[in-house]
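The next block holds one structure in the form of structure tokens; read it before the comments.
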Amino acid sequence: MEEEHVEMSEEMALRCLSRRKPLNTLVEREGLPINLKYLGLPQGATYQKDDSHHEITVPALHQRRIEPGEERLVSCLPDWAKAAFTGYDKLNRVQSKVCDTALHSVSPFCGRRNYQGCPPYHAPPHEKAASEPEREDCVGELIGHLSPQQIEETTIFVTIPEEWDVITRRSVFSSVTAIVKLVIVDGIHLIHDQNRGHIIEAIIARTVRQNDTTNKNDRIRLVALSFPFTGYEELALFLRVDLTEGLFYFDNSYRNSCISHQYIGVWKPCNSRLYPFLNHLCYKKVIAAGGKQVIIFVCSRKDTVNTACAIRSFEMAKHTMSTILKGGSGPIGNVKSNVLKQLLPYGLAIHHLGLDSNDRKEVVDLFQKGHIKVLVCTQTLAWGVNLRADTMLSHAEREGIIITGDKELRQYTYMMNEQFPIESHMVSKLADQLNTEIGLGSVRSAEEACNWFRYTYLYFCMMRNPLIYGVPADELKGDITLEKRCKEFIQAAVTILDANELVIYERESGYLEIREWRRISCYYSVCLGTTFEYKKGLASTMGDMDLFKLFLSSEEFKPVGLELDEDNKLKEKLLSNLSLLATGSLEDEHTAKINVFLQKLEKLSDMVYIQQSAERHLRALLQIVLQRRQFKLAQNALNLCKMVKKLIHQLPKLTISAHFKPINDILLWVELTLKPDFKWDDDAHGYVEPFWVIVEHNDCIIHHEYFLLKQQYINKNHTLNFTVSCPPLTELLELPPSSADAFEHPLYTKLYEGRINHFNRIQTQVFKALYESDDNILVAAPTGNGKTLCAEFAILRNHRENRPGMSVVYIAPSEALAKERFRDWEITFKHSGLNLEVFKLTGETATDLKLLEKGQIIISTPEKWDALSRSWKQRKGVYGLSLFIVDDLHLIGGHDGSILEVIVSRMRYIQCINAVNRMRIVALSTSVDDGEDIGRWIGAPKHALFNFLPDVRQMPVDIVLQEMDLPNVEISLTGINMAKLTCTSSCQEWQTMPCFCSY
């Protein structure tokens, strides 16, 4: 960002993101009594009040008269479009008006529909897919498990916002997103929902931003549907809709049958429950219907049973069954639910997602035939089923008669009369969504983050009504586009991410980079709070129960509430035959419910949502543990993944047999034979089934790879070959950093004044072994950890002992490095108080022998020292060395490693036979698998063997391994190029990223 950077603490950031005033306060602050004029109700609205409730009645609008030719005939449509309207003669008025724009334009459009239009956007995908035309190769439910063949054959994908958000985050699903040219958002008004609105907003912002950066022919068309609400113009602008051609408004006068609305608010008596009064009013309205069919919408499955049973009790107490049934009783039908069997004889029934699917279909059939007079249901009925009824009652936001508490009455009155604005809830999830975009690589700096913010609906709402979002009026005068407030929001979000170690934020340049463990959570669509809890809560000592309890505490499961009699049944289920019982789950009703739904093979209320979310969360948890290389935790997480992925009889299983061939006493060649041992089910396993192959040693993962089992190879054995080693690696200790004062020698300390304030952690840990002993030593650590300074420790030790004829030989791997070391050490050891003679061998034997006799520190390459040391018995300078240092000893396995091996073996032999003037050998290397073998070879004792892990670095290095299963070379090259583009897009301009590809 261009202006001066202002530091912001995490507390300030959280306070900044909470400035937006809650909408409920703005709606409810006026209080009662209700003023009809203030509410802006239409003409003819009436208001009544008594001791128990107050009621508002809004008369039905006059139905708009159908003009001649207003309804378009299906025969007038293009031939390619007629097949979609088989069985229909003409379109209705709404369809007719949007027909031309929908069929002959590629621009986005937004339609405000009445309540008898399409099902809401969050309807169960399988129910919406089933209602599509019966073409098996056309419509499919997109849940992330479709095979490439299924994707190619499918032209219409039906999904939910959460699934599409997950898919658009993953590059592995690029084959899906690349072919999508039309996205239809049904129920765009749900962008106002506090729990899910930010997901819809993020999806649309991501799509619109992508359209602005792609060619016109590759853009995705957006179509949005919704019920009427205020502020629809801002939402249309957010979707990039042409207001003159792409925005359609249809009020309730376009309904096929206009109805009146009644809003009843019940006062809750002191020390009494509200629901008995609501149920009594429901019963009175059912009686008033006079035997006509009534649908009652309630908020939860628990209320469906309670309300239906209450109406049945009122029927029996007041002998009004004949009024409801009008001379007949409803047949019981072929239902499994005991509750339905008790209600159906009285003309009553319930409907919710927790019922068996056959029971739900039976209820719908009985209602359509007129056998059910009163149907109590949740909004699930409105998602996938269209039923006509004479009266509709609701405890929630539906049409007809709304019965609720007096505190909620004003809110529903606003909403149902198109006075309720659709606001953005992105501000509470801004840090989470910004972190996702950083993980995708679409945002790489604070400036790009501000650009992304302008694509959100939150920005459009701030421009429309800035006062609601905490922008004072005087601030608008100098900043019409709210540029300052945008940067403030982004700064607050980035501060939160940086404080929680989710991103790397360069404050001076503004560059942003996501950390690798957070990239995993972005890939699996796990929220910020859950990811932080996983990172903070994971410990190497966690057992099955502790890991399971950590998973149960995921934030995504918190909206799942208790319904029906679940609160009494949960303990029974937990204590019966569950395989995992997390500590404290009996006291915590929330975690207890998640526990039951994951382990009991029943069709309970929220099982589908919990199981689908659990699979993503556990896979993310497994990846985080794999990154930590903790085997026991990885094993537990993998077991949990398998538990929720499939039902018991569908659980994929492999029979494994292993053959080992030792290459040496540490390195093993492994041949695994994998034999599938389960029955393949297309619905459960899809086209391919993935497995993790993990090899551990001493609770450390030494090898892991991804194995994909394809359907056509289910009856064949599969072989995996790889090599593993079990090296005793050195743990990096948490030691206080040492300084040059540790030499306890003023001359040595002076050498490093102004150069080094403190030694790093590796130098601190090996200092004592190098400077305070004469043992042979191996220091193996990643490049860039200051191993050259470790060699200087050994040289100073050799100098301090005042051995006669001090002679040190340093072997550099190449001529260039030898010259560099000569220049540095000539300054350090010669032109300082030590006055040591430093020479570099020339390759001329006569000259080099003179330098060897004259010098105290000799620098050479392996080839030059090999030529000079071959006649070591006749050359006192070689035989009498006091210190031999070899750098980059890992190159012994390279192309010219034979020369290096020869000279080290020669010097080791000289050391063994020269007992009078024993030479010391110091070997430096990068981290190696066979460090213990090398240590024994050079004669280093165990306490002088330091072989650190490859990820122990002063400058962190992210290593990303991306595996792809690609069928042919052409697709392989395309996939590799896309993978390289994805990786490099996350790299900043000042960073270096080598990319290695193999196929």
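The values are calculated or read from the model by the stated rules, or taken from the named source; none is laboratory data. Remember, it's a predicted structure, so these values are computed and weren't measured experimentally. Reconstructed Cβ throughout: ideal geometry from the backbone, glycine too, with neighbour counts over all protein chains shown. Just so you know, the surface numbers come from the protein's heavy atoms only, side chains and all, with ligands and any DNA or RNA stripped out. Shrake-Rupley method; radii C 1.70, N 1.55, O 1.52, S 1.80 Å.
Okay, here's what the table says:
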{"quantity": "Simple label model, 7 Å out from Cα along Cβ direction - L667 to T845, nm", "calculated": "3.5"}
{"quantity": "Relative packing of peptides 767-777, 752-762 - highest average C-beta neighbours within 10 Å first", "calculated": "767-777, 752-762"}
{"quantity": "Relative packing of peptides 812-825, 94-107 - highest average C-beta neighbours within 10 Å first", "calculated": "812-825, 94-107"}
{"quantity": "3J(HN,Hα) from dihedral phi, the range 204-210, Karplus parametrisation 6.51/-1.76/1.60, rounded to Hz, x for glycine, proline", "calculated": "5, 4, 5, 5, 5, 5, 5"}
{"quantity": "Whole-Hz couplings from phi, Karplus 6.51/-1.76/1.60, listed for the range 813-818; x for Gly and Pro", "calculated": "x, 9, 5, 5, 5, 5"}
{"quantity": "Average accessible surface area per residue within the range 180-271, 1.4 Å rolling probe, Å²", "calculated": "43"}
{"quantity": "At R0 = 41 Å, FRET efficiency that the Cβ-Cβ distance of H319 and E67 yields, to 0.05", "calculated": "0.20"}
{"quantity": "Ranked order, T723, T168 - accessible area, probe 1.4 Å, largest first", "calculated": "T723, T168"}
{"quantity": "Computed E for H745/K819 - FRET, C-beta separation, R0 25 angstrom, nearest 0.05", "calculated": "0.30"}
{"quantity": "Additional length obtainable on full extension of the chain from K716 to Q627, 0.36 nm per residue less Cα span", "calculated": "28.9 nm"}
{"quantity": "Nitroxide proxy distance, nm - points 7 Å out along Cα→Cβ at K536 and E853", "calculated": "7.2"}
{"quantity": "Flagged links, alpha-carbon separation over 29 Å, of K642/K710; K661/K942; K82/K710; K336/K373", "calculated": "K82/K710"}
{"quantity": "Mean separation of Cα contacts under 8 Å, 6 or more apart, over the residue count of the range 826-889: relative contact order %", "calculated": "24"}
{"quantity": "Under the Karplus curve 6.51 cos²θ - 1.76 cosθ + 1.60, θ = phi - 60°, whole-Hz ³J(HN,Hα) for the range 313-324, x wherever Gly or Pro sits", "calculated": "5, 5, 4, 5, 6, 9, 6, 10, 4, 5, 5, 7"}
{"quantity": "Accessible surface of the range 444-563 [probe 1.4 Å, protein heavy atoms]: carbon and sulfur percent", "calculated": "51"}
{"quantity": "From the C-alpha gyration tensor of the range 484-555, square roots of 5λ in Å", "calculated": "29, 12, 10"}
{"quantity": "Two-site FRET efficiency, H704 against E901, from Cβ-Cβ distance with R₀ of 35 Å, rounded to 0.05", "calculated": "0.65"}
{"quantity": "Global form of the range 741-844, assessed from the alpha-carbon gyration tensor, a/c cut-off 1.5", "calculated": "rounded"}
{"quantity": "Electrostatic dipole magnitude of the range 755-801 [Cβ: Lys, Arg +1; Asp, Glu -1; Cα centre; debye, to 20]", "calculated": "240"}
{"quantity": "Inter-probe distance in nm under a simple model that places probes 7 Å from Cα toward Cβ, at S260 and T655", "calculated": "7.5"}
{"quantity": "Burial ranking of peptide ranges 354-365, 456-467 (average Cβ count within 10 Å, highest at the top)", "calculated": "456-467, 354-365"}
{"quantity": "Descending semi-axes in Å of the range 441-487, equivalent ellipsoid built from Cα gyration tensor", "calculated": "21, 12, 7"}
{"quantity": "Carbon and sulfur %, accessible surface of the range 201-315 computed with the full protein complex present, 1.4 Å", "calculated": "50"}
{"quantity": "Accessible surface, the range 831-933, averaged per residue in Å² (probe 1.4 Å)", "calculated": "46"}
{"quantity": "Size descriptor, Kirkwood hydrodynamic radius, that averages inverse alpha-carbon separations across the range 673-788, Å", "calculated": "19.5"}
{"quantity": "Area of Y687 that stays accessible when all protein chains are in place (1.4 Å probe, Å², to 10)", "calculated": "70"}
{"quantity": "Contact order relative to length of the range 785-936, as percent, for alpha carbon pairs under 8 angstrom and 6 or more apart", "calculated": "25"}
{"quantity": "Dimensions in Å of the range 176-300 - Rg and Dmax from alpha carbons", "calculated": "21.4, 65"}
{"quantity": "Rounded percent of accessible protein surface that carbon and sulfur make up, the range 754-911, 1.4 Å probe", "calculated": "48"}
